[in-house]
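Some notes on the structure that comes next.
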Amino acid sequence: MNGLTNPMGTSVGKKLMMAVTGLGFCCFLTIHLAGNLTLYGGKDFFNSYVEHLHSLGPLVTLAELGLLFFALIHVLTGMLLFYQNYNARPARYSVNKRAGGRTLGSATMPYTGVILLLFVIFHLMNFHFVDKTNTTTFQLMSNAFASPVYIFIYTFAVIIAAIHVSHGLWSAFQTLGANHPKYTPFLRGLSIVFSVVIGIGLGFIPVYVSLLR
Amino acid sequence: MTKNINVTLKVWRQKGPHVKGGFETYPATDISTDMSFLEMIDCVNEQLTLDGKEPIAFDHDCREGICGMCGAVINGRCHGQEKGTTLCQLHMRHFSNGDTIVIEPWRATAFPMVKDLVVDRSAFDQIILAGGYISVNTGGAPDANSIPIAQEIAELAMDAAACIGCGACVAACPNASAMLFTSAKISQLALLPQGKPEATSRALAMVNKMDELCFGNCSNERECEAECPKEISISNIARLNREFVKAGLVSVVK
Ligand code: SF4
Ligand code: FES
């Protein structure tokens, strides 16, 4: 076999990169959700969670850089895949019918992905790249979710994220080669449960915060 | 019970690779429900020939579901709506009097148009040529059963070997990916001891060839598995992924 072709550049290599980074984001979502659930413990509980998190200092920066690196891989590879897949079938069928494999999640991956990218940038501008010297994160949230437009944007984005992971989670396992009659049905179920948990868990926060005011 | 029905066909007609194609409508009258789909097209073609028109070009050979030559997209479904069936084994009893049936060729960059419903699937042959074989020395035939193979493994290899190379998986895939076909071919060999020595180079070579031929990238849509006339499972794709990781990331092959 010639050593010319880099395995990561092949279709399967790209798929593997999407899977590994995607699973990374699923872990992140879980941690993010767990952290944000402290909101239901009240304003002070939440602010103390934020403080604790930030007191980790360099660890947080490291995690942020890791996520940024993952995001670059996931987004750039995803865009390349979208482009290549379009080129693999530029002529469309005039009648399109699903045979039962495609789901809402799998059919919309590139589109939900782009929406999520835009949302993440928006979200970071709201809560990350802001001056927090004279305010608390809770205060920032409370101000943001005073606006129904913000509530709508956030809730909508969370639903999009839920749709994205409903396919992404089990798909990542399949890509990593984990497919077995014993646990694949479980993984598919887990994907749905995970997406519902993320959807409800994160989706209610804007509404809850606006009710607290 | 046999009865005769009338249906309307909307068929993709295209004179050649680089000319513009389009749908033509033809009546298919007095079609016995015992006929196969291809026999129905035969009837329409006879009429077209009598009328002095060009008959519809379509691929076929065995007409018993084993050769993999036939195939078209019928009302948006590869090989028609019946599960686990090739087009030649789809019968007109699954249609009703008065139906309009839309017939399109497989569509993929890697399967260039030849004429009407015929596309060039030689890309599959190239994937096989890249590594879908085992190398054996000539000489006396080895004793049968000299290498023990577990029943379960033999079954899995046979399931994968059921692929007839029809191309429905590519046609059904929203990304026009050839992963189901390639994974079936990789699996049938990788599962068996005879295929193991070349498993590494095979996985790399076949995947690279598949990409080079402009097939799309698999995104686990599972449409291939649902449309495959031989019901090849996507667990083969997971096996291909494992073989590829072994070959590309941890093997000694450079
Ligand atoms: S995997 Fe199934 S659909 Fe694809 S070529 Fe083989 S038999 Fe046809
Ligand atoms: S003609 Fe041989 S499989 Fe249909």
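Read-outs: derived from the displayed coordinates by stated rules, not from any lab. Bear in mind that the values here come from a model prediction, so they are computed numbers and not experimental data. Positions of Cβ are backbone-derived with ideal geometry, glycine not excepted, and every protein chain shown enters the neighbour counts.
Structural remarks
- With Cα atoms, 0 to 90° folded angle of helix B:235-245 axis to chain B main axis: 40
- Dividing the summed helix terms, -39500 (n - 2.57) for each DSSP H run of n ≥ 4, by the number of residues in chain A produces a 222 nm estimate of -25500 deg cm²/dmol to the nearest 500.
- Within the listed set B:C163, B:C43, B:C224, the residue fluctuating most in the Gaussian network model of chain B (springs between alpha-carbon atoms under 10 angstrom) is B:C43.
- Couplings 3J(HN,Hα) for the range B:100-117, derived from phi with the Karplus relation 6.51 cos²θ - 1.76 cosθ + 1.60 (θ = phi - 60°), are 9, 10, 8, 10, 10, x, 4, 10, 6, 4, 6, 10, x, 5, 9, 6, 6, 9 Hz, where x marks Gly and Pro.
- Restricting attention to chain B, close to 80% of DSSP beta bridges with both partner residues there are antiparallel.
- Taking A:N87, A:N126, A:N179 in turn, the Gaussian network model of chain A (Cα-Cα springs below 10 Å) assigns the largest fluctuation to A:N87.
- Estimated 222 nm signal from helices in chain B, with DSSP H stretches of n ≥ 4 weighted -39500 (n - 2.57), rounded to 500: -9500 deg cm²/dmol
- Amide H within-cut-off set for B:V102, under 5 Å, with H built and near neighbours excluded: B:K10, B:N75
- Dipole magnitude for the protein assembly as shown: computed about the Cα centre from +1 point charges on Lys and Arg Cβ and -1 point charges on Asp and Glu Cβ, it is near 940 debye.
- Chain B - convex hull of the alpha-carbon atoms, volume per residue in Å³: 161
- Dividing the radius of gyration of the alpha carbons in chain A by their Kirkwood radius gives 1.01 for Rg/Rh.
- Residues considered: A:A162, A:A19, A:A178. Largest GNM mean-square fluctuation over chain A, using C-alpha springs under 10 Å, is found at A:A178.
- Percent antiparallel among DSSP beta bridges (both partners in the protein assembly as shown, rounded to 5): 80
- For the range B:97-134 versus the range A:175-197, the inter-centroid distance based on Cα atoms is 32 Å.
- For B:K53, the aspartates and glutamates whose Cα comes closer than 17 Å to its Cα, not counting residues fewer than 8 places off in the same chain, are B:E24, B:D42, B:D116.
- Charge-dipole axis of the range B:132-244 as Lys and Arg at +1 and Asp and Glu at -1 on Cβ define it, positive-most pick from B:A171, B:Q194, B:M158: B:Q194
- For the cross-link pairs A:K97/B:K196; A:K14/B:K10; A:K15/B:K185; B:K196/B:K230; A:K15/B:K15, the ones whose C-alpha atoms lie over 31 Å apart are A:K97/B:K196; A:K14/B:K10; A:K15/B:K15.
- Simple point charges give the picture: +1 on the Cβ of Lys and Arg, -1 on the Cβ of Asp and Glu, and for the range B:173-243 a dipole about the Cα centre of about 320 debye.
- About the Cα centre, charge dipole magnitude for chain B (Lys/Arg +1, Asp/Glu -1 at Cβ), debye: 740
- Relative packing of peptides B:108-120, B:188-200, A:88-100, B:167-179 - highest average C-beta neighbours within 10 Å first: B:167-179, B:108-120, B:188-200, A:88-100
- In order along the range A:88-103, phi translates into HN-Hα couplings of 6, 8, x, 7, 8, 7, 7, 10, 10, 9, 7, 9, x, x, 5, 10 Hz, rounded to whole numbers, per the Karplus curve 6.51 cos²θ - 1.76 cosθ + 1.60 with θ = phi - 60° and x for Gly and Pro.
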